[in-house]
Every structure is written in structure tokens, then in C-alpha cells.
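Read the structure below first, then the notes.
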Amino acid sequence: MPNGIGSHHRGHEGKNNEWLTPPEIIHALGEFDLDPCSPVNRPWRTAKSHYTTEDDGLTKPWIGRVWLNPPYGPHTGKWLRRLACHGRGTALIFARTETEMFFEHVWGKASALLFIKGRLHFHYVDGTRAAANSGAPSVLISYGDEDAQILRDCGIKGAYIRLEKD
């Protein structure tokens, strides 16, 4: 599997690896106002508004309910920090619960988690489903009570956990 999984990801060697969230995940979670990590070319919308790598979504204003499938790798924590500060939205990342990033930006800050049953099959920018699964378990992380409720009721198979904030 390539280095990057998710919306728009740049591999550690500088290669551009774009992997899209399965559309059924987006559909189950409802409408989002902003996707700050959207690929330039996308076969479906993930939000009303999109920032791409050309826009540098970390430096732009975030509004409303945010969908976040950040670049996986050493910079994922920057995106999670921004969503935690924004306080409204849902992120999709690998379920690396023991990492410093998870302790800094998820535990004690997020509202709820949904550990997805099985491994996701991401999609290419042309919309086709990748043959291989993601290679690791994934988790949806909600920030804010509204997103926690949506996550609880979304119907995606997995284990839902409501969290207490620090």
C-alpha cells in the first residue's frame, strides 16, 4: 500500500498519493460545510466547500461542520490539532491510539470515537475502489456534541465510544 491514505496525501518520498474516503462513509455522516484536505480532482463532494493542497487548508479559515481526512504521516497531528481547536467536525485516521498524536489531539479533546469494523478500502481519484484494504484499522473521531450524536447514529459498523473532555 502506498505511504498515504485518505483525502490528499503526500508520501514521505514526496510522491503524491491520493486516496479518497469511501463515499458510503461520507454519505452515512451527512453533510459537511468544509473539507480542508480535499484532492484537487475528486469524483464526489465531501462537503459544500473544499480546500486542496493548492489552497493550504491549514492556513485558511474553517467554518461550520468540518470533514477531515488529513494527510497521513508526520503532519496528521497538525490537522487534528486544528480540528480540535475548531471544535466541530469529524476526522478519519488510522486507529493508532497509543501515539503521542492521539494523546495530544484525541484523548481528552474529542467528543466520541467510532472504531470502524474491518479495514476500509479507499478509492482512487477516478472513483474506483482500491483492491487492497488500507492495511490498518481506522477510526472516526468527532469533535462537538452534534458530531458525536451523528457518529453514534450513523449506522457505520464498529464500536462507538463517547469520551469525556479534559
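The values are calculated or read from the model by the stated rules, or taken from the named source; none is laboratory data. Predicted model, so just to flag it, every value in this text is computed and none were measured. Methodologically, a virtual Cβ is constructed for each residue, glycine included, from the backbone with ideal geometry; neighbour enumeration extends over all protein chains shown. To get the accessible areas, we keep the full protein, side chains included, count just its heavy atoms, and leave off ligands, DNA and RNA. Shrake-Rupley method; radii C 1.70, N 1.55, O 1.52, S 1.80 Å.
Worth a mention:
- Heavy-atom accessible surface of the chain: percent carbon and sulfur, 1.4 Å: 50 percent
- Low-density loop cleavage sites - trypsin sites (Lys or Arg not before Pro) in segment 108-150, where at most 16 other Cβ are within 10 Å (DSSP): LYS117, ARG119
- In order along segment 75-82, the phi-based Karplus estimate (6.51 cos²θ - 1.76 cosθ + 1.60, θ = phi - 60°) of 3J(HN,Hα) comes to 9, 4, x, 4, 6, 5, 4, 5 Hz; Gly and Pro are listed as x.
- Helical mean residue ellipticity (222 nm; -39500 (n - 2.57) per DSSP H run of 4+; nearest 500) of the chain: -5500 deg cm²/dmol
- Each 5 Å bin, from zero up to the one with the longest distance, holds this percent of the alpha carbon pairs of the chain: 2, 9, 20, 24, 23, 15, 5, 1, 0.
- Relative contact order (percent, whole number), the chain, Cα cutoff 8 Å, 6+ residue spacing: 23 percent
- Its alpha carbons considered, segment 89-138 gives a radius of gyration followed by a Dmax of 13.0, 37 Å.
- In this simple spin-label approximation, ASP153 and GLU54 carry label points 7 Å from Cα along the Cα→Cβ vector, and these lie 3.8 nm apart.
- Descending by average beta-carbon neighbour count within 10 Å, the peptides 26-33, 155-162 line up as 26-33, 155-162, the highest first.
- Residue-normalised accessible area of segment 74-166, expressed per residue, 1.4 Å probe, Å²: 51 Å²
- For the chain, share of DSSP beta bridges that run antiparallel, in % to the nearest 5: 75 percent
- Note: relative contact order over segment 102-166, using C-alpha pairs below 8 Å and six or more positions apart, is 49 percent.
- Accessible area per residue was computed with a 1.4 Å probe on protein heavy atoms; TYR51 scores about 40 Å².
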